[in-house]
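Read through the structure below, which is laid out as structure tokens, and then see the notes.
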């Protein structure tokens with residue numbers, strides 16, 4: 001193996017490899033510039049969250065906060081009640097995710113594994129829900145929520161978040177369920193397992209990757225949702241993080257340090273989840289694209 | 001003994017074993033004895049089929065009923081409300097006014113400006129997201145070291161909440177913010193600081209800058225996945241035949257990623273019509289309604305002016321527009337696909 005020196009081939013390829021090297025350098029330069037543009041706003045936000053009020057809009061701007069202070073964080077967390085908004089967001093996102101995953105996986109199982117009259121029609125109706133953006137329905141949904149007594153409550157957030165997330169999750173899970181070999185289910189049926197057992201003991205465990213994708217998407221979507229909570233929540237103690245941050249900024253348009261400390265509190269969990277589970281993000285995103 | 005158990009099971013079928021219960025104890029087998037075994041060969045499948053339909057419906061019902069109530073019913077309702085002078089206040093009567101809300105939109109200059117601004121936003125955000133997303137995806141496609149890191153960095157804005165990034169960009173585009181400092185104090189591109197959010201066009205530029213920055217990572221991921229499907233053999237063969245980089249791109253890469261390209265375009269156009277949070281938080285549609293887009297205007301009509309009928313008619317018009325546009329795009333896409341096949 002060691003007898004063939006790589007340098008023996010070098011002369012013939014030298015111009016080509018030099019061009020390759022230049023190409024690589026340009027590639028990384030472009031990528032690095034792009035990455036800086038992507039990161040700079042975040043870095044600046046983080047920096048500002050450690051500045052005291054006097055330094056948030058100075059010229060030239062301060063990139064490294066001096067003097068640095070954590071008072072924005074302590075202030076946001078305790079005196080401005082962001083701990084409560086954090087808990088509210090957590091409750092809403094967790095309840096939404098559990099309910100949505102349960103209902104959509106059951107629907108996906110029915111669509112993937114049973115033949116019943118009207119299946120295609122029902123499925124197409126569900127896909128219609130994928131095409132209608134949430135904002136288009138906000139007015140009649142508000143009227144409906146008012147009629148159901150769901151205004152100004154966390155339950156009102158959860159119920160409508162679940163409804164809105166069902167089409168996408170069912171679509172995502174159905175594709176995955178359909179790819180699970182039918183023979184496994186037939187074997188279980190022969191052993192006397194009913195549909196519920198097959199769904200719970202076979203389909204759900206095998207579909208863990210798809211369930212993970214759906215979980216992450218649903219959780220983050222409800223964690224970040226703004227328009228609906230802005231519309232139905234009035235009581236300050238029932239606000240979720242995005243709503244609280246937006247309203248806080250609206251009332252104190254110059255308290256950028258506090259606003260960004262609260263923003264960092266809201267964003268950090270998202271970034272952690274994203275970094276831990278990135279491959280599921282990609283799976284979820286490309287599921288639609290690959291199908292075409 | 002078995003039957004008794006099954007009968008009990010069928011009463012709480014939704015929570016335990018619906019299929020089992022249905023299979024063994026069909027509706028007409030209320031009798032105590034075991035259900036008669038089907039004698040004819042073609043009775044069993046029919047039996048099974050109705051039983052399995054019922055099981056399927058049990059799995060389907062909770063989610064689908066919720067979907068009907070929370071999504072489909074409001075769809076119908078939005079359409080209905082758009083024909084009324086709708087009154088949300090308890091006890092008051094809503095008046096049927098036919099097409100009045102639509103003719104009003106037709107003669108409303110702010111509606112047209114909002115529609116134009118939505119178009120401007122799309123023109124400013126859709127092409128850059130496609131081009132830049134594709135560029136980054138191409139640069140990351142080969143197994144270059146650091147690829148995973150760059151992918152994460154470009155995708156970070158996508159997972160960050162719209163509220164946070166909107167406020168962040170409002171701060172960056174403030175009068176004495178980072179953007180003005182860069183353009184005026186450092187590079188002297190502008191002779192004086194720009195009041196970005198105080199004018200229609202500069203405001204739309206700022207909002208669009210956010211849209212592109214936040215969206216590039218998304219199209220990048222889709223394109224990266226699509227580029228995996230480009231045949232390496234074909235590319236190498238083309239290179240052997242002396243095809244230049246551009247030619248290889250045109251002849252091999254582009255046809256392979258065309259479906260992804262059209263998917264991204266459709267989604268971005270729909271997303272462009274859906275711009276709301278960034279405009280609401282960065283400019284509030286102002287000054288003097290000059291940066292309203294369709295959704296912020298709809299929201300203002302409904303929840304500030306409490307004109308639910310007019311708001312609904314704007315929502316319906318927007319839905320129709322988005323729908324027609326996606327159908328047209330899908331037609332084009334299908335035509336392309338057939339041509340390619």
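Consider only pairs whose beta carbons are under 8 Å apart and that are at least six residues apart or on different chains; among these, list those whose first residue lies in the stretch A:17-28 and is free of Cβ contacts under 8 Å to residues at least 60 places away in the same chain and whose second residue is exposed (fewer than 12 other Cβ atoms within 10 Å of the Cβ). Correct list of pairs: A:17/A:10. Among the residues making up the stretch B:56-75, those that are farther than 13 Å from residue A:136 by Cα and facing chain A (nearest Cβ under 7 Å) are B:56, B:57, B:59, B:60, B:62, B:63, B:64, B:66, B:67. The set of residues in the stretch B:133-150 being within 8 Å of chain A (Cβ to nearest Cβ) and assigned to a helix (DSSP H, G or I) consists of B:135, B:136, B:139, B:140, B:150.
Quick one: which residue in B:278, B:290 is assigned to a loop (DSSP other than H, G, I, E, B) and within 27 Å of residue A:248 (Cα to Cα)? If you could, list the steps in order and put the result at the bottom.
Numbers: B:278 fails: assigned to a loop (DSSP other than H, G, I, E, B).
Of the residues listed, the single one that is assigned to a loop (DSSP other than H, G, I, E, B) and within 27 Å of residue A:248 (Cα to Cα) is B:290.
Would you mind stating whether residue B:88 is within 30 Å of residue B:207 (Cα to Cα), surrounded by 15 or more Cβ atoms within 10 Å (Cβ to Cβ) and within 9 Å of chain A (Cβ to nearest Cβ)? Criteria not met by residue B:88.
In the stretch B:244-275, the qualifying residues are those that are part of a loop (DSSP other than H, G, I, E, B) and touching a helix residue (DSSP H, G or I) at 6+ places or on another chain (Cβ under 7 Å), and the one that is nearest to residue B:292 (Cα to Cα) is B:275. Scanning the stretch B:229-244 for residues that are loosely packed, with under 11 Cβ neighbours inside 10 Å and within 20 Å of residue B:143 (Cβ to Cβ) gives B:232, B:233.
The criterion of at least 2 residues that are surrounded by fewer than 16 Cβ atoms within 10 Å (Cβ to Cβ), more than 21 Å from the chain's Cα centre (by Cα) and away from every other protein chain (no Cβ under 12 Å) is met by the following helices (runs of 4 or more DSSP H) wholly inside the stretch A:128-236: A:182-190. Looking only at the stretch A:81-90, decide whether some residue is in contact with a helix residue (DSSP H, G or I) (Cβ under 8 Å, 6 or more places away or on another chain), at positive phi and surrounded by 15 or more Cβ atoms within 10 Å (Cβ to Cβ). Yes, the stretch A:81-90 has at least one match. Screening residue B:101 with (1) within 25 Å of residue B:197 (Cα to Cα); (2) more than 8 Å from chain A (Cβ to nearest Cβ); (3) surrounded by 15 or more Cβ atoms within 10 Å (Cβ to Cβ) gives one miss only, at (1).
Selection of the stretch B:286-318 for residues being farther than 16 Å from residue B:84 by Cβ, surrounded by fewer than 23 Cβ atoms within 10 Å (Cβ to Cβ) and more than 10 Å from chain A (Cβ to nearest Cβ) yields B:286, B:287, B:288, B:289, B:290, B:300, B:304. For the stretch B:83-99, a residue qualifies if it is under 10 Å from residue B:313 (Cα atoms) and touching a residue at least 60 places away in the same chain (Cβ under 8 Å), and the qualifying residues are B:83, B:84.
Could you please find all residues in the stretch B:160-176 being under 15 Å from residue A:58 (Cα atoms) and within 7 Å of chain A (Cβ to nearest Cβ)? The answer is B:171, B:172, B:174, B:176. For the stretch B:185-192, the criterion of being more than 7 Å from chain A (Cβ to nearest Cβ) and crowded, with 18+ Cβ neighbours inside 10 Å is met by none of the residues. Among the residues of the stretch B:165-212, none is identified as farther than 29 Å from residue A:225 by Cβ, in a loop (DSSP other than H, G, I, E, B) and modelled with pLDDT of 90 or more. Scanning the stretch A:83-102 for residues that are assigned to a loop (DSSP other than H, G, I, E, B) and over 25 Å from residue A:214 (Cβ atoms) turns up nothing.
The values are calculated or read from the model by the stated rules, or taken from the named source; none is laboratory data. What you see is a predicted model, and the numbers here were worked out from it, not measured in a lab. Reconstructed Cβ throughout: ideal geometry from the backbone, glycine too, with neighbour counts over all protein chains shown.
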